[in-house]
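Okay, structure first, notes after.
The values are calculated or read from the model by the stated rules, or taken from the named source; none is laboratory data. Predicted model, so just to flag it, every value in this text is computed and none were measured. Using ideal geometry, Cβ is built from the backbone for each residue, glycine included, and neighbour counts are taken over all protein chains shown.
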Amino acid sequence: MCGIVGYVGPRAATPIVVNGLQRLEYRGYDSAGIAVVQNGSIEVRREVGKLSNLVNLLAEQPTNGHLAVGHTRWATHGKPSQQNAHPHRDASGEIVVVQNGIVENFRELRESLQAEGFEFQSETDTEVIVFLIALHYAPEGGLAEAVRKALGYLKGPSAIVALTSREPDKLVAARLGNAGGVAIGLGDGESFIASDIPAILEHTRRMIFLEDRQLAVVTRDGAIVQTLDGQAVRPEVHEISWDPISAAKGEYRHFMQKEIFEQARSLTDTIRGRVDFAAGEVYLEDMPLTAERARSFDRAVIVACGTSAYSGLVGKFMLEKIARIPVEVDYGSEFRYRDPIIDERTLIVTITQSGETVDTLAAMEEGRAKGAYLCSIVNVIGSQAARMSDGVIYMHCGPEIGVASTKAFTSSLVDQYLLALFLAQLRDSIGPLARQKLVDDLARLPELAGRLLDADANTVYEDLAERFHRYRNFLYLGRGINYPVALEGALKLKEISYIHAEGYPAGEMKHGPIALIDRDMPVVTLAPQDEVYDKMVSQVEQVKARSGIVIAIATEGDEFIRSRADHVITIPAAPPLLTPVLSVMPLQRLAYEMAVRRGADVDQPRNLAKSVTVE
Ligand code: F6R
């Protein structure tokens, strides 16, 4: 969603800010803007559409200063337009604000500010913030005090950065609730602010993350952090180990393509250092969980959204089978509104690539309030979910830039497998031999993934995409542990190619969807040789009996399926609990090739955002 980048220091601020915003483009946005302090006043440039439009505007109307803030906006209140783009200014033009989040009570605030004579220029909720700051600005307290007072009026989550030409040496950043992160990068005689680490990673690895209800005054010398109640805070300085090169596209056409193809490596990174293969043991460095507490859990609840929720549906099989703990899976957006039954005997496992998904964070808050143990599976280091948790299992798959999640899905599956083994160790739920076998299975996984991704180059996917990219509907069928993979395959196709696709448990087909089967709706069937293979074959027969087209994902060497399906993509034979890590990869590649042929914006599909920080 919206992105923020700020800079203060000796260098020209505009290129740094624009470059940072470019690195956040993957988050999704529909307009962009920048405010620069220049010769004692503030210059603002805003433009609708892609950042390149703002770059063109800046070429026509250049800015030149050493302190700036920029923003990419994903419209919530008011359509994408120049007026609604951030930064927003007060009437004097001397104070500006950018915001991520939502001011839930903005209508009442707007009315009372209008009654005081403030004239609004936009339809956004953000403009109330800049007027509130202007209203409370006094030279003695300065900008920080005015921001603090303004935030006192706001309901709902907000992350803001404000600046004023009256104090041209500082940016003020603040965070209220979960509206995405605020990272402050500490450089040498310069400082940065960003809503997401990749924006500023090329400049510094030393970062502070603002917590809920904290405010920072950021100058070229660093940051002074306080709570919104005025208490001084000594923030932890994190050293970020990501390699900025890994956030570049390299030889690939799209980030999504790169992220699909790097899965053999990302899976290795997820496993690395956590398994003693000789002893058959798993170590999770950021999971301070005692055997006593682990034994006290009477169930686990996995909560997540979108792709991460589908990952959780696979994880349910792993946790139940290996750790012998009953598991429930729910969407963050549903969980929070159903007064869920949770207590201190509940293990809540949240899965979130970004660590900032507001519905997932709300589920964690619910769990925290009811005494549950919070374990999160997270990719973005230092993100809100990681900080809120009792235990964290990082995905360690590197920055995922493509909006459609791919490598984070497979790494989160492996993390859940590790969690299941870890709990099994603590709860003594399986014997050492069985555990050793599961660990050995895991050891082979990256190599199998590498083989699958290298095999048959792209031709099978290119041929299928060439043939089917104009079709309007697809059905994806899976059963058992591969049913969630069918859901994920359908989601990948719809979100990046805009083709309607539905995932279904194969056995349910005859209870309704079978009525849809004809030559115009290809059916993608997950049919690896596992315990439900025969049942999947009979689904294939049922589709064929109705003149349907079947694209089967099957195990290498399965000749029988070739005689039944119209098209077959093979995957290496793998242990049942790990098969989804492989079976999803052909679906990712198929969706990618289809989207490319349809000329879609693969890395930034319309209307989507990488981290969903609004409800
Ligand atoms: C789909 C996709 C989304 C995310 C969802 C949750 O490809 O990426 O469905 O999985 O928005 O995001 P995180 O995992 O960041 O909480």
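Only helices (runs of 4 or more DSSP H) whose full extent lies in region 462-562 are considered here, and the ones with at least 1 residues that are of a type in the set (S, T, N, Q) and in contact (Cβ under 8 Å) with a residue 40 or more places away in the chain are 483-497, 533-545. Quick one: Ser112 ticks every box in (1) touching a residue at least 12 places away in the same chain (Cβ under 8 Å); (2) farther than 27 Å from Glu356 by Cβ; (3) in a helix (DSSP H, G or I) bar one, so which box is it? So Ser112 meets the others, but not (1).
A quick yes/no check of all residues on (1) in the same structural domain as Ser122 (by TED's automatic domain parsing); (2) surrounded by fewer than 24 Cβ atoms within 10 Å (Cβ to Cβ); (3) closer than 23 Å to Leu210 by Cβ; (4) at pLDDT 95 or above:
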position	(1), (2), (3), (4)
Leu24	yes, no, yes, no
Asp30	yes, yes, no, no
Ile34	yes, no, yes, yes
Val37	yes, no, yes, yes
Gly101	yes, no, yes, no
Glu104	yes, yes, yes, no
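Just the residues that are within 20 Å of Ala159 (Cβ to Cβ), assigned to a helix (DSSP H, G or I) and touching a residue at least 24 places away in the same chain (Cβ under 8 Å), please, taken from region 123-143. Within region 123-143, Glu127, Val128, Ile129, Val130, Phe131, Ile133, Ala134, Leu143 qualify. Taking every residue in region 1-16 that is touching a residue at least 12 places away in the same chain (Cβ under 8 Å) and pairing it with any residue that is assigned to a strand (DSSP E or B) and surrounded by fewer than 24 Cβ atoms within 10 Å (Cβ to Cβ), at least 6 positions away or on another chain, the pairs with Cβ-Cβ distances below 7 Å are Val8/Thr219.
Considering Leu163, Leu186, Leu201, the condition of being touching a Pro at 6+ places or on another chain (Cβ under 9 Å), outside the structural domain of His396 (by TED's automatic domain parsing) and within 30 Å of His396 (Cβ to Cβ) is satisfied by Leu201 alone.
Does at least one position in region 580-591 carry a residue that is modelled with pLDDT of 95 or more, surrounded by fewer than 18 Cβ atoms within 10 Å (Cβ to Cβ) and either more than 16 Å from the ligand (Cβ to nearest atom) or under 22 Å from the mean Cα position of the chain (by Cα) (or both)? No: region 580-591 contains no residue that is modelled with pLDDT of 95 or more, surrounded by fewer than 18 Cβ atoms within 10 Å (Cβ to Cβ) and either more than 16 Å from the ligand (Cβ to nearest atom) or under 22 Å from the mean Cα position of the chain (by Cα) (or both). Every listed requirement among (1) out of contact with any Lys or Arg (no Cβ under 9 Å at 6 or more places or on another chain); (2) under 21 Å from Thr350 (Cα atoms); (3) among the small types (Gly, Ala, Ser); (4) modelled with pLDDT under 90 is met by Ala455 save one, (2).
Restricting region 63-79 to residues that are modelled with pLDDT under 90 and surrounded by 15 or more Cβ atoms within 10 Å (Cβ to Cβ), the residue that is farthest from the chain's Cα centre (by Cα) is Gly78.
Which strands (runs of 3 or more DSSP E) sit wholly inside region 310-408 and have at least 3 residues that are crowded, with 20+ Cβ neighbours inside 10 Å and more than 16 Å from the ligand (Cβ to nearest atom)? Those strands (runs of 3 or more DSSP E) do not exist here; none qualify. Within region 54-62, one or more residues are closer than 24 Å to Ser611 by Cβ, surrounded by 20 or more Cβ atoms within 10 Å (Cβ to Cβ), touching a residue at least 12 places away in the same chain (Cβ under 8 Å) and in the same structural domain as Glu145 (by TED's automatic domain parsing). In the set Ala264, Ala294, only one residue is more than 16 Å from the ligand (Cβ to nearest atom), hydrophobic (A, V, I, L, M, F, W, C), outside any loop (DSSP other than H, G, I, E, B) and closer than 30 Å to Asp601 by Cα; that residue is Ala264. When Ala173, Ala199 are checked against the criterion of being modelled with pLDDT under 95 and hydrophobic (A, V, I, L, M, F, W, C), a single residue qualifies: Ala199.
The condition of being buried (at least 23 other Cβ atoms within 10 Å of the Cβ) and of a type outside the set (Asp, Glu) holds for only one of Leu453, Leu426, Leu477, Leu433, that being Leu477.
Scanning region 563-585 for residues that are of a type outside the set (A, V, I, L, M, F, W, C) and outside any strand (DSSP E or B) yields Ser563, Arg564, Asp566, Pro572, Pro575, Pro576, Thr579, Pro580, Ser583. Determine, yes or no, whether Tyr417 is within 25 Å of the chain's Cα centre (by Cα), among the aromatic types (Phe, Trp, Tyr) and more than 16 Å from the ligand (Cβ to nearest atom). Considered against the rule, which asks whether it is within 25 Å of the chain's Cα centre (by Cα), among the aromatic types (Phe, Trp, Tyr) and more than 16 Å from the ligand (Cβ to nearest atom), Tyr417 comes out as yes.
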